[in-house]
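Single-structure report; data block below.
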Amino acid sequence: MTEKTSPTSANISAAPQDSPRIASGQPAIAGGEVRQAVIIGGNRTPFARSHGAYAQATNKDLLTSALNGLIARFGLQGERIGEVAAGAVIKHSKDFNLTRESVLGTSLDPATPAHEVQIACATGMEAIGGLANKIRLGQLDSAIGGGVDSISDAPIVFNDAARAVLMELNRARTTQDRIKAVLKFRPGHLAPEAPGTEEPRTGLSMGEHQARTTHQWGITRQAQDELALASHHHLAAAYDRGFFDDLVTPFGTLTRDNNLRADTTLEKLGKLKPAFGRDLGDEATMTAGNSTPLTDGASTVLLGSEEWAAERGLPVLADFVDFETGAVDFVDGKEGLLMAPAYALSRLLQRQGLSLQDFDYYEIHEAFAGTVLSTLKAWEDEDFCRDQLGLDAPLGAIDRSKLNVNGSSLAAGHPFAATGGRITATLATMLHEKGPGSLGLISVCAAGGQGIVAIVRGR
Ligand SMILES: CC(=O)SCCNC(=O)CCNC(=O)[C@H](O)C(C)(C)COP(=O)(O)OP(=O)(O)OC[C@H]1O[C@@H](n2cnc3c(N)ncnc32)[C@H](O)[C@@H]1OP(=O)(O)O
């Protein structure tokens, strides 16, 4: 049954009575009622290292496949879903509404609206969070959020000089003008521009940015390798006990994420050469083993109101409670590029009246092992919490046995926009297994110095 709360007393989290750990009595959204936005389930493709198993697949193929798996799992064939929101970080300009095109390739009712979202690696979280808010406000009864990225399908474009000549050629009206334009072509115009992981404002890759942050926070190589090892072991164990049977459907020849190395060891990880932080010399600690690989894949999450799920006899795993976006000034090096979630979290906790220790599970996206460890260290750091977050006391340490317990991006891989959907569906399933009222925290950093944190509550 949907819980409706009065506009004067409702809290955005609309906490059920069996979950006293979520604050109540905060202001309602003016003029509207809020209700629960529930997570029904997720589906994703197995993730594949780029230029490998999915080398021939496009973003549209992958997203369509993830949608089709979700439709089949929950019997949504022919359904008009309230809205589908998803995005890709790296995509072709011809895919001007990739999400809509993908929806049209499924058996969903073509009257299902669909749009794109893009906030780099936090795209999936933004898509899901935005849809959850629309469900809470009664604008939607059902929704699908997610994301896709295929580095194998990255667009290669002409450089600026070549484009200027091509535009001139396109505008030419006479044969003479066309010849004049064609004669301007030079061999250098054939040099293509491919998208990379460099920040436009600094020219540094995300790995190089993180190498500085990792060094600044004094995160050791050993600690990073241990986190990477745990990610692989946890993911392998989760697959082995069938945890992903309801979350991952095969695509092409893959049935599991092919970056997973169940047999990796600290010794093997310890032998890898630094991949980032070359200017740090002997103090560089980030390797291919404790960094995410470039990855292809897609994920989707089905959301709804309680009534919509009940009418269809669909399971409810969890509530998507609340989320918060952060951004940091990384350009002049004041803050680490991937540290925005560290800032966003204190605002989210304050709004919900929670402490960092109130959670049963923590899903912190492993962009790099150094990102997770720097973020955790910042939350424990008195100076950071006082000077940057304005807090009287540090947020404190978490129980590390509750962190990424079914593996995360270091093992599964990280198809940028698809990571939010992977994490949300994984966490919702874990919280459902844990029991009603259990709480999970999500933290996803993103390029551009941004990031999203979110709270999910088990049913
Ligand atoms: C907001 C965000 O999420 S930011 C993050 C965005 N993502 C990124 O920026 C991607 C970062 N990653 C990369 O750019 C690349 O994956 C790199 C540079 C780290 C590594 O690229 P490559 O060198 O091509 O990696 P490759 O897979 O070949 O691995 C290098 C070696 O490490 C080995 N290796 C990698 N992982 C492991 C592991 N877990 N255990 C043991 N060995 C490993 C490989 O077998 C390989 O060994 P080999 O040279 O003997 O074959």
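The values are calculated or read from the model by the stated rules, or taken from the named source; none is laboratory data. Everything quoted here is computed from the prediction, not taken from an experiment. So basically every Cβ, Gly included, is an ideal-geometry build from the backbone, and we count neighbours across all protein chains shown. Just so you know, the surface numbers come from the protein's heavy atoms only, side chains and all, with ligands and any DNA or RNA stripped out. Shrake-Rupley method; radii C 1.70, N 1.55, O 1.52, S 1.80 Å.
Answer with one residue from Asn97, Leu356, Ala37: the one whose Cα lies farthest towards the positive end of the charge dipole of the chain, charges on Cβ with Lys, Arg +1 and Asp, Glu -1.
Asn97
At a 1.4 Å probe radius, which order do Arg49, Arg201 fall into by accessible area, largest first?
Descending order: Arg201, Arg49.
Mind checking Rg over Rh on region 382-430, alpha carbons, Kirkwood formula for Rh?
Rg/Rh for region 382-430 comes to 1.14.
Can you tell me how much longer the chain between His115 and Leu166 gets when fully stretched, taken as 0.36 nm per residue apart minus their C-alpha distance, in nm with one decimal?
Separation in residues times 0.36 nm, less the Cα-Cα distance, equals 15.3 nm.
Averaged across orientations, what area in nm² does the convex hull of the alpha carbons in region 326-459 project?
For region 326-459, averaging the hull's shadow over all directions gives 7.7 nm².
Per 10 Å bin from zero, what fraction in whole % of the C-alpha pairs of region 207-275 is there, up to the bin with the longest pair?
Result returned by the calculation: 17, 38, 28, 17, 1.
Take Asn159 and Lys180, extend 7 Å from each Cα along the Cα→Cβ direction, and tell me the distance between the two endpoints in nm.
Placing both labels 7 Å beyond Cα along the Cβ direction yields 2.5 nm.
With N residues in region 88-229, what two-decimal value do you get for its Cα radius of gyration over 2.2 N^0.38 Å?
Taking N as the residue count of region 88-229, the ratio is 1.54.
Placing unit charges on C-beta atoms (Lys and Arg positive, Asp and Glu negative, everything else neutral), compute the dipole magnitude of region 27-145 about its Cα centre in debye, rounded to 20.
240
Rounded to two decimals, what is the ratio between the C-alpha radius of gyration of region 282-350 and 2.2 N^0.38 Å?
Against the empirical 2.2 N^0.38 Å value, I get 1.75 for region 282-350.
Dipole size in debye (nearest 20) for region 93-166 around its Cα centre, Lys and Arg Cβ +1, Asp and Glu Cβ -1?
Using Cβ point charges on Lys, Arg, Asp and Glu, region 93-166 gives about 160 debye.
For region 51-137, what is the Kirkwood estimate of the hydrodynamic radius, computed as the reciprocal of the mean inverse distance between distinct Cα atoms, to one decimal in Å?
It works out to 13.6 Å.
Show me, for region 245-254, the HN-Hα J-couplings you get by feeding each phi into the Karplus relation (A = 6.51, B = -1.76, C = 1.60, θ = phi - 60°), rounded to Hz, glycine and proline as x.
In residue order, the calculated couplings are 4, 9, 10, 10, 10, x, 9, x, 9, 8 Hz.
Find the Rg to Rh ratio for region 176-250, where Rh is the Kirkwood radius over alpha-carbon pairs and Rg uses the same atoms.
1.33
Along the charge dipole of region 201-256, pointing to its positive end and built from +1/-1 on Cβ of Lys, Arg, Asp and Glu, which listed residue (Trp217, Gly252, Thr202) has its Cα farthest out?
Of the options given, the answer is Thr202.
Of the options Met339, Leu302, Ala288, report the single residue whose Cα projects farthest towards the positive end of the charge dipole of region 234-382 (beta-carbon charges: Lys, Arg +1; Asp, Glu -1).
Farthest towards the positive pole: Ala288.
Give me the compactness ratio for region 253-375, meaning the Cα radius of gyration over 2.2 N^0.38 Å.
It is 1.42.
Strictly over 19 Å apart at the Cα level, which of Lys273/Lys334; Lys377/Lys402; Lys60/Lys91 would you flag in this model?
Correct reply: Lys273/Lys334.
How large is the dipole of the chain about the Cα centre if only Lys and Arg carry +1 and Asp and Glu carry -1, each at its Cβ, rounded to the nearest 20 debye?
Using Cβ point charges on Lys, Arg, Asp and Glu, the chain gives about 1200 debye.
Please compute the Kirkwood hydrodynamic radius of the chain from all pairs of different C-alpha atoms, in Å with one decimal.
Final number for the Kirkwood radius of the chain is 22.8 Å.
At a Förster radius of 25 Å, what calculated FRET efficiency corresponds to the Cβ-Cβ distance of Glu267 and Ala237, to the nearest 0.05?
Plugging the Cβ-Cβ distance into 1/(1 + (r/R0)^6) gives 0.80.
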